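Okay, so here's the structure we're looking at.
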Amino acid sequence: MKKLLLILSLVSVSTGFYSQYCTTVGPSSTIDSNVELVQLTGASGGINYTGCPGVVGLQDLTSMSTILNAGSAYTISVKFGTCGGNYSGAGTVWIDFDQSGSFDATEVIGTWQGIPPVATSVFNFNVPAGAQNGFTRMRITQQEGTGLPLNPCASFTWGSVMDFGINIGNGVDCSGYIGDDETDPIVVSSLPYSGTGDNSYCYSNQNPVYNSPDVYYKINPSPLMQQINVSLCGSSFDTFLTVVDGSGELVAFNDDSETCGTSSEVSFSAQGLGLVYIIVEGWNTQMGEYSININADYVNVDEISEQAPELYPNPVNDILNIPDDVKVISFCDVNGKKIELEFDTKTDLSRILPGIYLLMYEYKGSVYTDRIIKL
């Protein structure tokens, strides 16, 4: 499907990568509607909280925590009440099971609507079997004068917002997974590249375009690359692709491909481009298994200017003859990896592996690029 107003979201791509919980939330008044009681017994330990008096803003109670095991069922009791007068309102409990830094509609474990005083609400819930191990948050909101659904990031006048700590155990061990953000990306060292992945577990939401978990790939284009092409065709969900440079500036993006529907494809110029991050995510909160293919179109370096000097023989077995007025700038393989050599008029290439190399040099004030074939 086509996504409207996407450009407004993409403006935020260059402002930073990291997702974190919204904390400028909650009531501006300490009177009236307020959560009076929270009780949750976990696999080890429990939470037993009594409310009132009210607190302005977010109550950070994450030091009060319990352990919940993946795949197990639990019961939480919450009394949506008041620290003053009785007024209608609504309440919601979320647990950030995917540890994405946000509370999604799929993570709601209980809701309430009514006018205090009312009986304590009892919610039965299951921790997803695929939940990843680690610390996350449970948020409980009571908001006066409104109905369901509630926004976990809302600010309002009367009510309460409180966060508790939840430790997920017996779940997926994500210690071996890489690609969650640009500090630990999946490095693409050579092209063409093909791979598969699944962003439904062990990945969080770092890219601010959508709330879907993201997977980061890193590539450092070589000078030979003219254009880089990325395809998610064949993925199991509605994907979205973003490409940013090392400073977080937007390079390219794509939602729906013209050739493979809701899977994404994007092509972008690699000329003059340093390292880039290719970010795989889903539209909205979608996630699942995906296929990724990355390849490149290369610069034609066979057509060398008539003004360029002759480097010979090419192909070369061992000694490459270089005119003495040539200043070598760089020598690298087709993937951009620099090869350290001492260059002179008779340069010995016998110790390097056979293959295609790129020699960049300066001659009479101009810069040239030549492809050297090592036999």
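Working only within the stretch 241-290, note down all residues that are surrounded by fewer than 17 Cβ atoms within 10 Å (Cβ to Cβ) and among the polar types (S, T, N, Q). Reasoning before the result, please.
If we filter the stretch 241-290 for residues that are surrounded by fewer than 17 Cβ atoms within 10 Å (Cβ to Cβ), which is where we start, we get 245-250, 252, 258-261, 267, 269, 271-272, 274-275, 284, 288-289.
Across the stretch 241-290, the qualifying residues are SER247, THR259, SER267, SER269, GLN271, ASN284.
Rundown of residues vs (1) among the small types (Gly, Ala, Ser); (2) farther than 19 Å from PRO53 by Cα, yes/no style:
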{"site": "VAL78", "(1), (2)": "no, no"}
{"site": "TYR87", "(1), (2)": "no, no"}
{"site": "ASP98", "(1), (2)": "no, yes"}
{"site": "GLN113", "(1), (2)": "no, yes"}
{"site": "PHE123", "(1), (2)": "no, yes"}
{"site": "ALA129", "(1), (2)": "yes, yes"}
{"site": "ASP163", "(1), (2)": "no, no"}
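Among the residues of the stretch 291-322 satisfying the criterion of being β-branched (Val, Ile, Thr) and at pLDDT 90 or above, which is surrounded by the most Cβ atoms within 10 Å (Cβ to Cβ)? Before you say what the answer is, go through the steps one by one.
So the first thing to find is which residues in the stretch 291-322 are β-branched (Val, Ile, Thr), and the list is 292, 294, 299, 301, 304, 316, 319, 322.
Then keep just the ones that are at pLDDT 90 or above; that gives 292, 294, 316, 319, 322.
Values: ILE292: 24, ILE294: 18, VAL316: 18, ILE319: 14, ILE322: 21.
Top of the filtered list is ILE292.
Going residue by residue through the stretch 259-273, is there one that turns out to be over 16 Å from the mean Cα position of the chain (by Cα) and in contact (Cβ under 8 Å) with a residue 60 or more places away in the chain?
Yes; the residues of the stretch 259-273 include at least one that is over 16 Å from the mean Cα position of the chain (by Cα) and in contact (Cβ under 8 Å) with a residue 60 or more places away in the chain.
Which of the following residues is at positive phi and in contact with a Ser or Thr (Cβ under 7 Å, 6 or more places away or on another chain): GLY288, GLY282?
Numbers: GLY282 fails: at positive phi.
Of the residues listed, the single one that is at positive phi and in contact with a Ser or Thr (Cβ under 7 Å, 6 or more places away or on another chain) is GLY288.
Are any residues in the stretch 155-175 over 19 Å from LEU37 (Cα atoms) and over 24 Å from the mean Cα position of the chain (by Cα), and if so, which ones? Don't jump to the end; show me each part of the working.
Filtering the stretch 155-175 down to residues over 19 Å from LEU37 (Cα atoms) leaves 155-157, 167-175.
Hits for the stretch 155-175 are SER155, PHE156, THR157, ASN170.
So, of the residues in the stretch 357-375 that are at pLDDT below 85 and of a type in the set (A, V, I, L, M, F, W, C), which turns out to be farthest from PRO323 (Cα to Cα)?
LEU358
Taking SER121 as meeting all but one of (1) buried (at least 16 other Cβ atoms within 10 Å of the Cβ); (2) of a type in the set (Ser, Thr, Tyr); (3) not assigned by TED's automatic domain parsing to the domain that holds SER63, write down the number of the exception.
Answer for SER121: the failing condition is (3).
Does THR82 satisfy the condition of being assigned by TED's automatic domain parsing to the domain that holds GLY130, surrounded by 16 or more Cβ atoms within 10 Å (Cβ to Cβ) and among the β-branched types (Val, Ile, Thr)?
On the way: assigned by TED's automatic domain parsing to the domain that holds GLY130: yes; surrounded by 16 or more Cβ atoms within 10 Å (Cβ to Cβ): yes; among the β-branched types (Val, Ile, Thr): yes.
Yes; evaluated as a whole, the condition is true for this residue.
Just checking, does the stretch 300-318 include any residue being part of a strand (DSSP E or B), outside the structural domain of SER235 (by TED's automatic domain parsing) and either polar (S, T, N, Q) or within 29 Å of VAL187 (Cβ to Cβ) (or both)?
No.
For the stretch 179-204, enumerate the residues that are part of a loop (DSSP other than H, G, I, E, B) and surrounded by 17 or more Cβ atoms within 10 Å (Cβ to Cβ). Before the answer, list the steps.
We begin by selecting, within the stretch 179-204, every residue part of a loop (DSSP other than H, G, I, E, B); these are 179-185, 189-192, 199-204.
Scanning the stretch 179-204 gives GLY179, ASP180, ASP181, GLU182, PRO185, LEU191, ASN199, SER200, TYR201, CYS202, TYR203, SER204.
Looking at ILE228, ILE186, can you tell me which residue is out of contact with any Pro (no Cβ under 9 Å at 6 or more places or on another chain) and of a type in the set (A, V, I, L, M, F, W, C)? Steps first, please.
Numbers: ILE228 fails: out of contact with any Pro (no Cβ under 9 Å at 6 or more places or on another chain).
It is ILE186.
Kindly indicate which of GLY89, GLY54 is buried (at least 18 other Cβ atoms within 10 Å of the Cβ), of a type in the set (Gly, Ala, Ser) and in contact with a Cys (Cβ under 9 Å, 6 or more places away or on another chain). Even if it seems obvious, please write down each step before you answer.
Values: GLY89 fails: in contact with a Cys (Cβ under 9 Å, 6 or more places away or on another chain).
Matching residue, one of GLY89, GLY54: GLY54.
The values are calculated or read from the model by the stated rules, or taken from the named source; none is laboratory data. Just so you know, these numbers come straight off a predicted model, no measurement behind them. Virtual Cβ from ideal backbone geometry, glycine too; neighbours counted across all protein chains shown.
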